Structures are given as structure tokens and as C-alpha cells.
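A short write-up of the structure that comes next.
The values are calculated or read from the model by the stated rules, or taken from the named source; none is laboratory data. Small disclaimer: the values here were computed from a predicted structure and weren't measured. Cβ coordinates were reconstructed from backbone atoms using ideal geometry, including for glycine residues, and neighbour counts include every protein chain displayed. All accessible areas refer to the heavy atoms of the entire protein, side chains included, with ligands and DNA or RNA removed. Shrake-Rupley method; radii C 1.70, N 1.55, O 1.52, S 1.80 Å.
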Amino acid sequence: MDSIQQDFRNAMAACAAGVYLITTDGEHGRYGITMTSVAPVTDTPPTVVLCVNLNTRICPILTGNGELCINVLSAGQQDAAEHFAGITKLTHEERFEQHIWHRGSSGQLQIDDALAHLHGRILQHHDMGTHRIFYVGIEEIRLGKHNRPALAYFRRAFAQIA
């Protein structure tokens, strides 16, 4: 890695980001991943963008399934973030066994007690460098009933934002 790449990573680590658990279930399998690279694009129609490393196991699964749920994690869900980031070394199936899940009307899995669940369909995607950028049209939104602090990621560590 050259110095500009390392400087870029260090600069991005100085940007606090929300923590999301992306889940997909369908013909190409069930999978989940912890992410911070999720951003709104427009509210007309509601669309978000996800940036997923091409080398991750979820990338071809997302592309194949075409549907997903973006779970916005609360500060009390750091364990879920760690499991789906691979920090705890649980198998993929064991990760799903650690938490309570429900299915939205889209059929996608949403973790219990998240701040919000955004169910959507992949509208477009393209590759840029090491990542695939997914444009996701949001079709269903479920807001959590509790006013809890959010889980954030800042300087390569989890934190909470009230």
C-alpha cells in the first residue's frame, strides 16, 4: 500500500460513521455483513448507496439475490456488529443464531431492536476499483420504537452517539 492509500484510510477513519448490518436472503443464499459505507442518495425515490468490497463473500450473493435489508444498529447491538464483521470468529450460521430475527414484508431478515430497517431492491450496480457500488431502492421502512443511542464507528473503534 502506498502512502496516499494509507493517508486516505487514516482520513476516513477520522470520519464517524453509522454502523449497519446488511442482510440478504434468497436463491443465492443467506448472508449478512457489518458495514459503514452506506449513504443516502435521494428521497425521491428513496435510494441509498452501498459500497462492498469485491472480495467479500456477500458481494456475489447480494448481486444474485437482488434484495436486502439495511439494519441501522443501536449502541446496544455492538455484539451483532462484531459477529457479522467476523471479529468473533463465529461461523456464518452461528452469527444468525445469536440474535432475534424477523422477516419484513419483503421476506428479508431484520434484526430485533434495531433503530430502523430499510428493505430494498438493488436497482443498479457498477464496479469502482476494489468495490462494487450498489444503488438500492427502498421499498419498506420500519422505524424502531425506542429512542436509543446509535452505534457508530470512529478511529477504528465502536462508539455510541446519543
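Rounded to the nearest 10 Å², what accessible area does residue 87 show when all protein chains are kept and the probe is 1.4 Å?
Estimated to the nearest 10 Å², residue 87 gives 100 Å².
For the chain, what does the equivalent ellipsoid look like in terms of its semi-axes, each the square root of 5 times an eigenvalue of the Cα gyration tensor, given largest first in whole Å?
That gives 22, 20, 17 Å for the three semi-axes.
For the stretch 113-162, give the percent of accessible area contributed by carbon and sulfur heavy atoms, probe 1.4 Å, rounded to a whole number. All intermediate terms of the calculation are to be shown ahead of the outcome.
On the way: 1790 of 3340 Å².
Exposed carbon and sulfur together represent 54 percent of the surface.
At a 1.4 Å probe, what is the % contribution of carbon and sulfur to the accessible area of the stretch 18-69?
Details: 1160 of 2260 Å².
Carbon and sulfur atoms account for 52 percent of the accessible area of the stretch 18-69.
What does the extension gain come out to for residue 78 and residue 94, with contour length at 0.36 nm per residue minus their alpha carbon separation?
4.1 nm
With all protein chains present and a 1.4 Å probe, how do 57, 156 order by accessible area, largest first?
The ordering from most to least exposed comes out as 57, 156.
Suppose every K and R has +1 on its Cβ and every D and E has -1 on its Cβ; what is the size of the dipole of the stretch 67-145 about the Cα centre, in Debye to the nearest 20?
180
Report the relative contact order of the chain, percent, no decimals, based on alpha-carbon pairs under 8 angstrom and at least 6 residues apart.
Value for the chain: 27 percent.
Report the label-to-label distance for residue 103 and residue 1 in nanometres (one decimal), using points 7 Å from each Cα along the Cα→Cβ vector.
Each label point is offset 7 Å from its Cα along the Cβ direction, giving 4.0 nm.
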